[in-house]
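Notes to accompany the following structure.
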Amino acid sequence: MLKINMIGCGNAGRTLGRLWAQQHVLAIGGILTRSLASAENAAAFIGAGRAVESVSEMECACLYLIGTPDDNIEQAGVALAAAGILKPGDIVFHLSGALSSRKLAQLEEKGAAVASVHPVKTFADPAHAAETFAGTFCGIEGSPAAAALLADTFTAIGGKVFTLETERKALYHAATVIVSNYQASLMELGTRVFERAGVVRSAARQIMEPLARETLANIFELDAVRALTGPIARGDGNVVAEHVAALASWQRNYMDLYCLLGQIALHLARQKGTAASSSLDIIENILANPIPGAQAH
């Protein structure tokens, strides 16, 4: 088995390390974290590896995982480059969803191949994450040699690998934030509007749950176009105008968000083709010019 050294070993690193060790995919070498005690805890969780206090204490390996927080990735790469243990052809990669392999460009000068791999999964509980990792989508970008080997390495533990474009990595990560983190924000926005309408929060959550779950199911079972319902899909401009006016009289920034999302819904409605084009044109004008002088604040 190829050996991997781990610089930074938080929840994601611990999860991956345990899977690689248990499934005999990689041999775990040195493990470096913020303290020797946490490195020892990581090694115990993984069931393999040796805790070290610096990069220079690591033995040579073929792969190096930088599993630090995003802000520390470049600094960890600098430390690895200065340690003198890299060999030409070694592979160094990080796990950031937002940052590309370019953050490790200084290691290419040492002859290493660099990449990034982003498992699209929550790692709040490493033990549970290891048990449920199979089927996790993993976005990979970087040098072809590194990407090819890492694709095999992640596929071996059940990952579903897909290729990312290095120059568009930030857009990819923004997409994951929109469909995950901002979905929570959207549900909170809906709750606040329910409350403004006189529905208490606990009841609002009960009303929202089946509606949200059924909508998501329709989106993934059908597609966004066929899943779209409501006033914009029907071409009901009067209802849209009422919504806009009500929101504008309370929170104009919420109105702006309603109009922005409505414009995307309008695009879907035109594809759906169930509403008259003239009706959708009226809605388009309402969303683009909701209330004269109404701006977010």
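What follows is calculated from the coordinates using simple rules that are stated; it is not laboratory data. Since we're looking at a predicted model, the values are computed, not measured. Please note: Cβ atoms are built from the backbone with ideal geometry, for glycine as well, and neighbour counts cover all protein chains shown.
Convex hull over the Cα atoms of the range 179-288, averaged projected area in nm²? Numbers along the way, then the final one.
Details: hull surface 27.6 nm².
Mean orientational projected area (the range 179-288, Cα hull): 6.9 nm².
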Revision key, fill the gap. Taking placed amide H atoms and a strict 5 Å upper bound, the residues 5 or more places from VAL161 or on another chain that come that close are CYS138
Revision key, fill the gap. Check: C-alpha center the range 255-282 vs C-alpha center the range 1-76, spacing in Å is 50 Å
Revision key, fill the gap. The ³J(HN,Hα) series, computed from each phi in the range 229-234 with the Karplus coefficients 6.51, -1.76 and 1.60 at θ = phi - 60°, rounded to the nearest Hz and given as x for glycine or proline, is 10, x, x, 5, 4, 7
Review point. Non-local amide H neighbours of GLY30 (under 5 Å, H modeled in plane, Pro and chain starts lacking H): which ones?
Key: MET6, ARG50, GLU59
Review point. Under 5 Å between amide H atoms, partner at least 5 residues away or on a different chain: which partners does LEU99 have, H built in plane at 1.01 Å?
Key: none
Exercise for review: Tabulate in residue order the Karplus-calculated ³J(HN,Hα) for the range 181-189, using 6.51 cos²θ - 1.76 cosθ + 1.60 with θ = phi - 60°, rounded to whole Hz; enter x for Gly and Pro.
Suggested key: 4, 6, 5, 5, 4, 5, 5, 5, 4
Practice item. Report, to the nearest 10°, how far helix 73-83 tilts away from the longest principal axis of the Cα atoms in the chain, using its own Cα long axis and a range of 0 to 90°. Key: 10 degrees
Practice item. Please find the FRET efficiency linking ALA288 to ARG34, where r is the Cβ-Cβ separation and R0 is fixed at 45 Å, and quote it to the nearest 0.05. Key: 0.30
Review point. Too long at a 27 Å Cα-Cα cut-off: which of LYS3/LYS103; LYS121/LYS272; LYS169/LYS272; LYS87/LYS121?
Key: LYS121/LYS272; LYS169/LYS272; LYS87/LYS121
Point to revise | Residue-wise HN-Hα coupling along the range 116-133, computed from phi with Karplus coefficients 6.51, -1.76, 1.60 (Hz; x: Gly, Pro) | key: 9, 10, 10, x, 7, 7, 8, 10, 4, 10, x, 5, 5, 4, 5, 5, 10, 5
**Study point:** Calculated Rg and Dmax of the range 101-228 using C-alpha coordinates, Å
**Key:** 19.7, 64
Review point. What's the extension gain from THR176 to GLN206 if we count 0.36 nm per residue and subtract their Cα-Cα distance?
Key: 8.2 nm
Exercise for review: Mind checking the full-extension length gain between ALA224 and THR155? Use 0.36 nm per residue of separation minus the Cα-Cα distance, one decimal, nm.
Suggested key: 21.9 nm
Revision key, fill the gap. In the list (1) 1.28; (2) 0.92; (3) 1.05, the entry giving Cα Rg over 2.2 N^0.38 Å computed from the coordinates is (1)
Revision key, fill the gap. With the 8 Å Cα cutoff and a minimum separation of six or more residues, the range 9-152 has a relative contact order in percent of 20 percent
